[in-house]
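Asker: Sending over a structure as structure tokens; questions will come in a sec.
Read-outs: derived from the displayed coordinates by stated rules, not from any lab. Note that the coordinates shown come from a computational prediction; the quantities given were computed from them, not determined experimentally. Ideal geometry is used to build each Cβ from the backbone, glycine not excepted, and the neighbour counts take in all protein chains shown.
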Amino acid sequence: MLNVAVIGAGYWGPNLVRNFSVCQTTEVAVICEQRYDRLMKLSSMYPSAKAVNLIEHVVNDDNVEAVALATPVASHFPLGMRVLESGRHLLLEKPMAQSVAEAEKLIETAEKKGVRLMVDHTFCYTGAVRKLKELADKGEFGEAIYFDSVRVNLGLLQNDVNVIWDLAPHDLSIMDFILGQKPKAVSAIGNRFGGYDLETTAYVTLRFESGMLAHFHVNWMAPVKIRLIMVGGTKKMALYDDMETSEKVRVYDKGVAIDHSNINDRRELLVSYRSGDMWAPRIDNKEALLLVVQEFAAAIAEKRAPLTDGNAGLRVVRILEGAQKSIDKNGSWVEL
């Protein structure tokens, strides 16, 4: 059994505690939270775990082998470094850090200490995203043409990060996981509602060497909650609607073919449209976060890199940092 400490008992921490408790290869040894009410509430549900309010009680506990950190993003680097430097494995909430420099330092420290560093890109472990990854790996989409995502809702406005750093990591990690392509440049624009000092709505566009484009719409001010991704390829296209209960993924055998042979004038281009079947693949309903903690424990036991390791987290942070620079430059392209 892997003895784990969970730091943070706010929104996500209790979910981690529950799944580490359910996982057959892990056990929650310590729960750490500064707010007494939160700590006592969670501790009463898991009385076998030691309840502490300082990280010193975690990194100095010889019984703790690994730590899951579910605290605000500004604390990820300082607390994460404390954990790694103590020689313990670390599962970090997303985004893993506030800058590329911080993310690189976390990766460097984990490698130096010989411990596993994993980022909790939970959506990469959902049945829907794993199915899209499977289809992409089999070449079902052909060459990727575009990746479009919409992640909008009404609130909750954060006071420490803007809407890009809050919502975009989900879909950026999904894109990175499914397509495995590194963007070469990013452009982003955003606005601030009602004098709020952080962006509440933003649009992020990525360019790739292959010619593919990716676009992300994130918004805290939408009247409805939308979680939608479209993947377009030369062979097939897919729609992933996370709000859909029965058919989260739909695959379309649709496309466009352009015949350039013996054409001297654009008006003479021969364009044909393919409109085949639509099918909804079966999606398993295993809880994604349970798969996250199982992967964390397995990577530690097998002494290998986790599926969503520090480098995956770094790739997302690199895009987020570039997007922020682009917003500050009124949408200018920023090389990655």
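Asker: Based on DSSP H runs of at least 4 residues, each adding -39500 (n - 2.57), what is the mean residue ellipticity at 222 nm of the chain after dividing by all its residues, to the nearest 500 deg cm²/dmol?
Answerer: The per-residue figure over the chain is -10000 deg cm²/dmol.
Asker: Calculate one ³J(HN,Hα) per residue across the range 316-322 by plugging θ = phi - 60° into the Karplus curve 6.51 cos²θ - 1.76 cosθ + 1.60, and present them in order as whole Hz with x for glycine and proline.
Answerer: Once θ is set to phi - 60°, the couplings for the range 316-322 become 5, 4, 4, 5, 4, 5, x Hz.
Asker: Here's something else I'd like to know. From the residues 21, 7, 285, which one has its Cα farthest along the dipole of the chain in the positive direction, the dipole being from +1 and -1 charges on Cβ of Lys/Arg and Asp/Glu about the Cα centre?
Answerer: 285
Asker: To continue, here is another question. Straight distance only, please: which aspartates and glutamates reach the Cα of residue 113 with their own Cα at less than 18 Å, same-chain residues fewer than 8 apart left out?
Answerer: Reachable aspartates and glutamates: 61, 62, 65, 85, 102, 104, 302, 309.
Asker: Under 8 Å for C-alpha pairs, at least 6 residues apart: give me the relative contact order for the range 166-254, rounded to a whole percent. It would help to have the intermediate numbers written out before the result.
Answerer: Working: 119 pairs, mean separation 14.9, N = 89.
Computed value for the range 166-254: 17 percent relative contact order.
Asker: Below 8 Å between Cα atoms, with a sequence gap of 6+, how large is the relative contact order for the range 38-129 in percent?
Answerer: 23
Asker: Moving on. With angles folded into 0 to 90 degrees, how steeply does helix 288-302 sit against the dominant principal axis of the chain? Use alpha carbons for both and round to 10.
Answerer: Computed tilt is about 70 degrees.
Asker: Under 20 Å Cα to Cα from residue 254, which aspartates and glutamates show up? Leave out anything in the same chain fewer than 8 places away.
Answerer: Correct list for residue 254: 134, 137, 140, 143, 148, 241, 277.
Asker: Sticking with this structure for a sec: Be a star and scan the range 64-86 for residues whose amide nitrogen sits under 19 Å from the point 7 Å along the Cα-to-Cβ vector of residue 41.
Answerer: Hits in the range 64-86 for residue 41 at 19 Å: 70-72.
Asker: If you don't mind, another one. Looking at [x] 29, 55, 14, 2; [y] 29, 52, 17, 2, 0; [z] 33, 62, 5, which value of P(r) over Cα pairs in 20 Å bins from 0, in percent comes from a calculation on the structure shown?
Answerer: Derived directly from the coordinates: [x].
Asker: About its Cα centre, how strong a charge dipole does the range 62-201 have in debye, to the nearest 20, once Lys and Arg get +1 and Asp and Glu get -1 at the Cβ?
Answerer: In total the dipole reaches around 160 debye.
Asker: What is the antiparallel percent of DSSP beta bridges lying wholly in the chain, to the nearest 5?
Answerer: 60
Asker: Let me ask something additional. Out of 234, 172, 275, whose Cα points farthest toward the positive end of the dipole of the chain (charges: +1 Lys, Arg; -1 Asp, Glu; placed on Cβ)?
Answerer: Positive-most Cα among the choices belongs to 275.
Asker: Looking only at the range 310-333, which residues have a backbone nitrogen under 19 Å from a spot 7 Å from the Cα of residue 11 in the C-beta direction?
Answerer: 317, 320
Asker: Over the chain, what is the mean sequence separation of C-alpha contacts under 8 Å (at least six apart), divided by residue count, expressed as relative contact order in percent?
Answerer: 19
Asker: Calculate the dipole size of the chain relative to its Cα centre from +1 charges on Lys and Arg beta carbons and -1 charges on Asp and Glu beta carbons; express the result in debye to the nearest 20.
Answerer: Working: 39 positive and 43 negative charges, 58 e Å.
So the magnitude is around 280 debye.
Asker: Estimate the FRET efficiency between residue 325 and residue 235 by the formula 1/(1 + (r/R0)^6), using the beta-carbon distance for r and 45 Å for R0, to the nearest 0.05.
Answerer: For R0 = 45 Å, the calculated efficiency reads 0.80.
Asker: Another question, then. If you line up the long axis of helix 127-137 against the longest principal axis of the chain, both from Cα atoms, how many degrees apart are they, to the nearest 10?
Answerer: 50
Asker: Please go through the residue pairs 236/325; 133/225; 94/225; 105/225; 184/236 and name each one whose alpha carbons sit more than 30 Å apart in this structure.
Answerer: Checking Cα-Cα distances, 236/325; 105/225 exceed 30 Å.
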